[in-house]
Ligand code: RIB
Ligand code: CA
């Protein structure tokens, strides 16, 4: 059975790093490239963190740097959440793996064209690179088998504002371009990684007890964020938002509750900028008072509401063993 091909677009903070590691340790897939976008981290930090993670996995996956800022708004990074290096302050040594020649937009377009209908795109940061690639080559929207987006909040509270999740809020114009592109989109909001999907203290100890460099790395670089997940977010343990999205990309059967709806992104709301507006009741299809723009667009996103927490954790442990 040929391996499934993945491209990962990431702003490589500590939870992105675990998702990148999962993809490289999962036997049934091949990672064609990792593309870096400004978001939680500035691109130079995101690149370093991604290359360190890839090197830890003994891989040579090419890392291409992309957009250094959102399409319109000013960058807002999250060093306060992920530590000064984005890896929980672990200050790992500089990786030997160098950045690949060329930029992320060319790499995304060329790799998608070369693997038409045979590549899964997993996005773990703001959608700036994806939107910019779609502006340059709109035809690639229909060439991607699945685009699994870690981002948004499906009619639930956001993390960076009451209405919005960070990856979408950081560049809502880019997110709107992507959701309207016709790409085969799957949304894994931040709510999917909360609650019983978070790692408890006992489960964190269980990971450390795997006693592998992968397990130690995955926990060490996320312990800084753990305190904020508990004290700032009010979660019961270590929330790993990007790894839960990666888990669903690796094994879609982990998704326990999902639906296909019309989804769009608010870009102007004074209070709701960056909100993923998910039409779960299909009101747009049945009511005349929505604008034609809404009416004309069909259901465009498979939204994952919940994953099987026990099976998600078993997959994580297997990738870290
Ligand atoms: O809102 C969650 C997103 O921002 C994830 O991509 C994670 O990296 C966090 O920092
Ligand atoms: Ca991320």
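Where a number appears in this text, it was derived from the coordinates with a stated rule and is not lab data. Keep in mind that this is a model prediction, so the values were computed, not measured. When we count neighbours, we look across all protein chains shown, and the Cβ atoms used for this are built from the backbone with ideal geometry, even at glycine.
Below are the figures for this structure:
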{"item": "Quotient of Cα Rg and 2.2 N^0.38 Å for segment 90-184, N being how many residues it contains", "result": "1.22"}
{"item": "Pair residue 280, residue 142: separation of 7 Å Cα→Cβ label points (nm)", "result": "3.3 nm"}
{"item": "Distance in nm between pseudo-label sites at residue 116 and residue 94 (7 Å out along the Cβ direction from Cα)", "result": "4.2 nm"}
{"item": "Additional length obtainable on full extension of the chain from residue 216 to residue 317, 0.36 nm per residue less Cα span", "result": "35.2 nm"}
{"item": "Rounded, prolate or oblate (a/c below 1.5 giving rounded, otherwise prolate when a/b exceeds b/c) for segment 1-111 by Cα gyration tensor", "result": "oblate"}
{"item": "Projected area averaged over orientations for segment 98-137, convex hull of C-alpha atoms, nm²", "result": "3.3 nm²"}
{"item": "Evaluated over segment 27-169, the Cα radius of gyration and Dmax, each in Å", "result": "15.5, 43"}
{"item": "Size descriptor, Kirkwood hydrodynamic radius, that averages inverse alpha-carbon separations across the chain, Å", "result": "19.3 Å"}
{"item": "Sites residue 206 and residue 260, calculated FRET efficiency, Cβ-Cβ separation with R0 30 Å, nearest 0.05", "result": "0.25"}
{"item": "Structure-based [θ]222 nm, the chain - -39500 (n - 2.57) summed over DSSP H runs of at least 4, per residue, nearest 500", "result": "-10000 deg cm²/dmol"}
{"item": "Cβ-Cβ FRET estimate between residue 270 and residue 306, R0 fixed at 25 Å, reported to 0.05", "result": "0.20"}
{"item": "Against the rule of thumb 2.2 N^0.38 Å, how large the Cα Rg of segment 119-244 comes out", "result": "1.19"}
